[in-house]
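See structure below.
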Amino acid sequence: MVRPLEILEKILRLEEGDYNYQDKAVSGGLARYADTWQKQASDVYGESASSWVEEIAEQLRAYSSLPFEARQTAMQSLWDLLRHPPGQDITEMSGVNKVLESAPSTLQQTQETGAGEVVESTLLKDKSGRGLNAPVYMLSGVGKKRSQLLEKLGVHTIRELLYLYPRRYEDYSQLKTINRLEYGERTSIIASVWEAGGRETRGGKYLFRAILSDVTGTLEVTWFNQKFLEGRIRPGMQIVVSGKVDQYLGHLTMNSPEWELLGHKDLMAARIQPIYPLTEGLTQRWMRQTMQRALSAWADRVPDALPKELLREQNLLGLARALWGIHLPDSSDHFAEAKRRLAFEEALYLQLGLLRQRALWEAQHGRAIVVDSAYLKVLQSKLPYVLTDAQKRSLEEIFRDMGRTQPMNRLLQGDVGSGKTVVAALLMAVTAAAGFQTAMMAPTEILAEQHYKSLAKLFDVFPLELRPQMGLLTGNVTSTDRQSVYAGLKYGSLQVVVGTHALIQEAVKFKNLAFVVIDEQHRFGVEQRGALREKGYNPHLLVMTATPIPRSLELTIWGHVDVSILDEMPPGRQPIKTRVLYPRERERAYAFIRSQVQQGRQAFIIYPLVESSEKIEARAAVDEYERLQSEIFPDLRLGLLHGRLHSDEKDAVMMAFSKGELNVLVATSVIEVGIDVPNATVILIDGADRFGLAQLHQFRGRVGRGDHQSYCLLLAENASEEVNERLQVMESTTDGFVLAEKDLEMRGPGEFLGTQQSGFPELPMASLADTRLLHKVREIAGQILHKDPDLSLPEHRELAQRVAEFWSTEVDLS
């Protein structure tokens, strides 16, 4: 039996949601469909409903001729009519009240072939038999065009859509009114658009301006370089805007806030609304409706990887209820429990992977390197300084590991200047004395050469008979020298080799490689790291990093390795003086640099971009280099260094700076790691607000390597309270571990994970800073693996599959 009300309700939901009041829900528009619907409704509901049916039909006819901004009001009027049919018989026949109150999972696509015809099925017609792995375009209401847009968000399948989590939420019952806004806060408001329009500014930018109003006041909102807003934001519309409250000429404003059109259902629901990541062509409303359809059809069909016993013991939601709670929560409590469940699940996959990785490593057999304590004492006595307690402690830990037949897997982390190279030199010498070889791999030729020179200086102080023979292998090494290194490694006359990825070439063969040192491993791919270890028989591995990892993250990020920490600085090293500056003080910074150069010193000036960008308002190295050379320092010798230069060009610039042929080096973040110029005493970071504390600290470490007092100048373009707080931390301490903890607190764990390079999987829901959860889950993961090391028991089969998928592209964390 035809049910005209249900069909119309579905069409109106499409018009309101998918088509955003463009009169495209049915072929020819609602006006053309009005006669068809009126005839069907009159036949079904009879004479008693004729005036009601006629009124609806008249409103449908009028809708198509209305301007865009008036269609929202007309749509609300239609909904009001549909909610008040003239008799109970109509309600019972159509089931309209039930439909209107139900979730939008009843939304159906209209067929373009005929006005008013709609697809009857509310669920996916899965002809492929692929279930959750079916293409997302097979979901009702998506189609091929929108599926291509979803692919830009990483969504290809139904399963991936369900796991596309909102990036934040709006609680429409808790939004502020305009008169309660406070300067500096981040918030959202619902308001009507009074005025809207755009114009070109004197600087050639496009400015779109809207005046918003609610019953308490008005607010000016502006967007720069977003011309597409013309026609989208119009007078009469109700919108939600979310952003930071700024101030201009004494009036509160919002600059470039997020916005979305508000429907009457959003206000009526007064519920927590998800805000999804979007791409051009998708709207929040469509995403919510699509997600609700997907959840209705598929949430109960997603296999739950967590055993029922574990859910019960930890008082966790089932997966279906958790997915509903993370996308469309009933309440704040529902959302909190959903997030706890999904975070627990991610953390469990993480810890199971780390523990299994550790178990696989420990199951290998390697060569024990026995340390001759008398020999070690002789080496230490020849050093020009006494080792710190941290260096001694780390050496003991490492020698203990290397003395076992299980290969070592250890991280040595220490701040810039903490003495990692000395530790490595002693380890290499002891390894050579035991009859084995060492390979040290660095991410760049410059860094490899610096390590080679530093190690050579240290080896030179050792007695001649105890001095390891060392070679260098990089792209710059001549063919003759390269062949000599190849032969020395193959036949054993070289005990130590330092190099770049050139070390993993097939031509490189070792006689007896037993110790591998990798510097800044996050700059190497998984395959590169593994290829070097394959040159020996399960050699001991030491990874060195100058990027301090917050102690609270050690267990979670490095849960599969042991960690040694150099948290003391050698005596006599002068702390670097750090100052925060703002744009009006730029000339003062230039004057200070000139004064240092006049004293015979050198300087770095760092910029966040290589070349200027229309999308990012920040100074760029190429442009600023030309300006500085011609206008600020015409009498000084400046060099330019950035990532787009060929490696030979980079090396030439760095060599010139190292030799003192350049006074000032203008650079991008390419100088972050490893460049050692003792005569450089000042570094100016222009646009410091665009870098995290960890990276700023690495920049600061480029100076302070000689005998002279050094300085770090942080020039911030953005003088916001948040930026100022972050940069003041840099002024207050030079302790990299303190900064790392603060950076974790302020910016999240992303600063410490190069996910694309380190092989570390993403955790959309779990926070690596939640140490309580991660310690708890690690304990549970250990219990599961103790009972079932291979996760082969029936109750763990789904868990095993999910863990394998979670770690699918991250096979080797060594």
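With every protein chain kept in place and ligands, DNA and RNA left out, what is the accessible area per residue of the range 1-76? Probe 1.4 Å, answer in Å².
43
If a paramagnetic tag sat 7 Å from the Cα of Leu793 along the Cα-Cβ line, which residues of the range 310-324 would have the backbone N under 11 Å from that point?
Answer for the range 310-324: 310.
Using the Karplus curve 6.51 cos²θ - 1.76 cosθ + 1.60 with θ = phi - 60°, work out ³J(HN,Hα) for each residue of the range 161-168 in order, rounded to whole Hz, and write x for Gly and Pro.
5, 4, 9, 7, 6, x, 8, 6
What ranking, highest mean first, results for peptides 362-369, 405-412 when packing means the other Cβ atoms within 10 Å averaged over each residue?
Going from most to least packed, we get 405-412, 362-369.
Considering only the other residues whose Cβ falls under 10 Å of the Cβ of Ala507, what net charge follows from Lys and Arg at +1 and Asp and Glu at -1?
Combined, the nearby Lys, Arg, Asp and Glu give +2.
By its C-alpha gyration tensor, with a ≥ b ≥ c as the square roots of the eigenvalues, how is the range 180-289 shaped: rounded for a/c under 1.5, else prolate for a/b larger than b/c, else oblate?
It comes out oblate by the Cα gyration axes.
Order the peptides 196-209, 449-462 from the highest to the lowest mean number of other Cβ atoms within 10 Å of their residues.
For the peptides 196-209, 449-462, the packing ranking is 449-462, 196-209.
Quick one: length gained pulling Arg404 to Leu153 fully straight, 0.36 nm per residue minus the C-alpha distance?
85.6 nm
Shape verdict for the range 333-421, please, from the Cα gyration tensor: rounded (a/c under 1.5), prolate (a/b greater than b/c) or oblate.
Oblate shape, in that a/c is at least 1.5 and b/c is the bigger or equal ratio.
Multiply the residue gap between His251 and Asn538 by 0.36 nm, knock off their C-alpha separation, and tell me the result in nm, one decimal place.
Here the segment from His251 to Asn538 would lengthen by 96.6 nm.
Just report the Cα centroid separation between the range 334-352 and the range 1-40, whole Å.
Centre-to-centre distance over Cα atoms comes out at 42 Å.
Work out, step by step, the length gained on full extension between Tyr183 and Lys382: first 0.36 nm times the residue separation, then minus their alpha carbon distance; give nm to one decimal.
65.4 nm
Under a crude label model (7 Å from the Cα following the beta-carbon direction), how far is Tyr491 from Glu362 in nanometres?
Placing both labels 7 Å along Cα→Cβ, they lie 4.3 nm apart.
Okay, helix-only estimate at 222 nm for the chain: each DSSP H run of n ≥ 4 adds -39500 (n - 2.57), divide by all residues, round to 500 deg cm²/dmol; what do you get?
Taking each H run of at least 4 residues, the total per residue is -12500 deg cm²/dmol.
Leaving out ligands and nucleic acids, note down the accessible area per residue over the range 255-394 with a 1.4 angstrom probe, in whole Å².
Accessible surface, normalised per residue, equals 43 Å².
For Leu581, list long-range residues whose amide hydrogen, built 1.01 Å from N in the peptide plane, is under 5 Å from its own amide hydrogen.
Hits under the 5 Å cutoff: Leu714, Leu715, Ala716.
For the range 141-222, report the accessible area per residue in Å² (1.4 Å probe, heavy atoms, rounded to an integer).
Counting only protein heavy atoms, the per-residue value for the range 141-222 is 54 Å².
Quick check: the angle from helix 29-45's long axis to the longest principal axis of the chain, C-alpha only, nearest 10 degrees?
50
Amide H of Gly471 versus every other amide H placed in the peptide plane: which residues, excluding those fewer than 5 positions away on the same chain, fall under 5 Å?
Close amide H contacts, sequence-distant or interchain: Val496, Val497, Val498.
Suppose each label sits 7 Å from its Cα in the direction of the beta carbon; what would the Glu725-Ser48 distance come out to in nanometres?
6.5
First check a/c for the chain, with a ≥ b ≥ c the square roots of the eigenvalues of its C-alpha gyration tensor; if it is under 1.5, answer rounded, and if not, answer prolate when a/b is larger than b/c or oblate otherwise.
Prolate is the answer for the chain, as a/c is 1.5 or above and a/b outweighs b/c.
Peptides 540-548, 648-656: what's the order by average Cβ count within 10 Å, highest mean first?
Those peptides, ordered most packed to least, come out 540-548, 648-656.
Report, in whole Å, the centroid distance computed from the Cα atoms of the range 126-189 and the range 417-477.
Using only Cα atoms to place each centre, the spacing works out to 53 Å.
On the protein heavy atoms, probe 1.4 angstrom, tell me the percent of accessible surface of the chain carried by carbon and sulfur.
Ligands and nucleic acids excluded, carbon and sulfur reach 48 percent.
Kindly state, to the nearest 0.05, the FRET efficiency for His786 paired with Lys144, given R0 = 51 Å and r defined as their beta-carbon distance.
The calculated FRET efficiency here is 0.55.
If you rank Tyr33, Tyr19 by how much accessible surface each has, with a 1.4 Å probe, what is the order from largest down?
Tyr19, Tyr33
How far is the Cα center of the range 482-502 from the Cα center of the range 203-245, in Å?
That distance is 65 Å.
Select from Phe344, Gln528, Leu684 the residue farthest towards the positive end of the dipole of the chain; place +1 on Cβ of Lys and Arg, -1 on Cβ of Asp and Glu, and compute about the Cα centre.
So the residue furthest toward the plus end is Gln528.
Could you tell me which residue out of Pro548, Tyr248, Gly403 lies farthest along the dipole of the chain toward its positive end? Charges go on the beta carbon: Lys and Arg +1, Asp and Glu -1, centred on the Cα centre.
Comparing the listed Cα positions along the dipole, Gly403 ranks first.
The values are calculated or read from the model by the stated rules, or taken from the named source; none is laboratory data. Computed from a predicted structure; not experimentally measured. Positions of Cβ are generated from backbone atoms using ideal geometry, with glycine treated the same way; all protein chains shown enter the neighbour counts. Please note that ligands, DNA and RNA were not included when accessible areas were found on the heavy atoms of the full protein model with its side chains. Shrake-Rupley method; radii C 1.70, N 1.55, O 1.52, S 1.80 Å.
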